[in-house]
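Quick note: the coordinates plus some simple rules give every number you see, no bench work behind them. Keep in mind that this is a model prediction, so the values were computed, not measured. Here the Cβ positions follow ideal geometry from the backbone for every residue, glycine too, while neighbour counts run over all protein chains shown.
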Amino acid sequence: MKSVRNVFFGFALGLLSLLLFQNCTDQDHVGKMLRTDFSSRTPTDQNDGNTSTTTITLPPVGSEADPIIDPNCLTNDDYNACIFFKNPQFHNADNPFNPATNYSTDLTEHQVYAVNLKGLTNNKLQNSNFRVTSLQTGIEEAKPNPDGTWKFDYANDSNHKVAQVMTYYWIFEQIQWMKENVGTWYPENKNILADSYNESVQNNAYFSSSDNMIRLGVFTRSGPGGRSEAALSAEVTVHEMGHANWYYGNRTRNNFANTVVCPESNNTPCCPDDRGCVSAANEGQADVHAFFLFGESPSIGNFIDNNVGGLETNCGGLVVSRNPEVNFNLTTAAITNNCPFREIHWYGSVYAAIWWEIYKDPTSDKIEVAKLFNETIPVIGPQDTFEEMAGRILNLDAQFFAGKYSSKFDTEFRRRGLIPIF
Ligand SMILES: [Zn+2]
């Protein structure tokens, strides 16, 4: 049965890069992610609800204090904001909520990721790279409290200020991560608008290059339960900004040039065949951006769907997930043969899973792989299939890392029936 997410939303091809619309299942903390040492976290820390002291070694106090999980965040003066790491489900021991949460659900006990907002211009949620606001009529702009903090209690958050702060914090972290690790953030100083809450965007979130904005909508779960702001799911926000990085990395590329329309599915963008296409790679690479920050929990949309594994589509028994671990053996041919059409997010999940396998490989230097990933963004052409992209990746690997990762990429692409073309 088709859920509301299987009904496609009309949009102008070429303008929008959509995250979701799938009815749709993680682990291994990887790389130099956040400065918090999650390896020392105990189950009670992430399950919280208790007031015991975290076992995380406290960093030096002050405005530069590194993030920690702190059940007492709201009263911890070392931090100026209390948000969620990734999304609320992460703090529920990665378990679905029962019942599923709604706006009115008090999530304060999970609002325990203690952080300090940085890089603010004029003490607003903005800087030269992006600015956060809600385009929803009647929503108040988040401003600091009289004590200077940005702490807003989700139990009493009718203006969706936690969503605004979440949006700012995670985009800032994403940009810092990219600049510190791979060296380049293509949309530098592009002043992208992040619409943190908008009820007119239903079951969706997207980056619009023509408007230079990301829009974070409202999701209604297919099962019991209510609605969720997309902005509470930081991996969704980071995915959308991943589209911005892709766009600004090659503004002359038409991301839909080699994309066809699936008449079976109300004009959904599809790849011409199971060799893949650029718009599918765009979706997959956007997920990879999220894996960099949330590698210990690489599922996409798990809170939105109240599902441990994240968004997934079941194609007559074939699970096409937004979790690369689930997609370990997924091939584009299997999607072609089992799914009703050749939708770009599904094929994109294969592209994401290939990068994930190389990135998480313990013999890989994760920062090198991330650099290689970012270097591929400008060189992928509008007519490329995944096979041609594979060739470009291998060429760049030869150029930057003396072919260190080539056999791994070659194996991963071929394992999925994709033969690198040079
Ligand atoms: Zn997307």
For this session: For region 67-75, take each phi angle, set θ = phi - 60°, evaluate the Karplus expression 6.51 cos²θ - 1.76 cosθ + 1.60, and give the result in whole Hz per residue in order, putting x for glycine and proline.
Result: x, 9, 8, 9, x, 9, 3, 4, 10
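Assign unit charges at the C-beta atoms only (+1 for Lys and Arg, -1 for Asp and Glu), then state the dipole size of region 265-323 relative to its Cα centre in Debye, rounded to the nearest 20.
Using Cβ point charges on Lys, Arg, Asp and Glu, region 265-323 gives about 40 debye.
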For this session: Once you have the Cα-Cα distance between Asp147 and Asn123, take 0.36 nm times their residue separation minus that, and quote the gain in nm to one decimal.
Result: 7.4 nm
Seminar exercise, completed: Short to long, in 5 Å steps from zero, the percent of alpha-carbon pairs of region 124-260 per bin is 2, 10, 19, 22, 18, 14, 9, 4, 1, 0, 0
Exercise. Quick one: if you take sqrt(5λ) for each eigenvalue of the C-alpha gyration tensor of region 15-415, what semi-axes come out, biggest first, whole angstrom?
Worked result: 33, 23, 21
Exercise. Of the peptides 75-86, 391-402, how do they stack up when ordered by the mean number of other Cβ atoms within 10 Å, highest first?
Worked result: 75-86, 391-402
For this session: Mind grabbing the base-10 log of I(q)/I(0) for region 225-370 at q = 0.09, 0.17, 0.21 Å⁻¹? Debye formula, identical points on the C-alpha positions, no solvent, two decimal places.
Result: -0.27, -1.00, -1.42
For this session: Please list 250-263, 304-317 highest first by mean number of surrounding beta-carbon atoms within 10 Å per residue.
Result: 304-317, 250-263
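Quote the Stokes-Einstein diffusion coefficient, in whole µm² s⁻¹, for region 148-218, based on the Kirkwood radius over alpha carbon pairs, a temperature of 4 °C and a viscosity of 1.567 mPa s. Present the calculation step by step, with values, prior to reporting the outcome.
Working: Rh = 13.7 Å.
Roughly 95 µm²/s, to the nearest whole number.
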Seminar exercise, completed: Heads up, region 299-366 by the C-alpha gyration tensor (a ≥ b ≥ c square roots of eigenvalues; a/c under 1.5 rounded, else a/b over b/c prolate, else oblate) looks oblate
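If you take every DSSP beta bridge fully contained in region 15-415, what fraction is antiparallel? Give it as a percent rounded to 5.
Details: 25 of 33 bridges.
Expressed as a percentage, antiparallel bridges in region 15-415 total about 75.
Could you rank the peptides 237-244, 268-275, 362-369, 199-206 by their average count of other C-beta atoms within 10 Å per residue, with the highest value first? Present the calculation step by step, with values, prior to reporting the outcome.
On the way: 237-244: 27.6, 268-275: 20.9, 362-369: 16.0, 199-206: 19.4.
Answer by packing, highest mean first, reads 237-244, 268-275, 199-206, 362-369.
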Exercise. If you look at just the Cα atoms of region 88-158, how large are its Rg and its Dmax in Å?
Worked result: 14.6, 41
Exercise. Which FRET efficiency value, to the nearest 0.05, is calculated for Asp211 and Ser104 with the Förster distance at 35 angstrom and r the Cβ-Cβ distance?
Worked result: 0.65
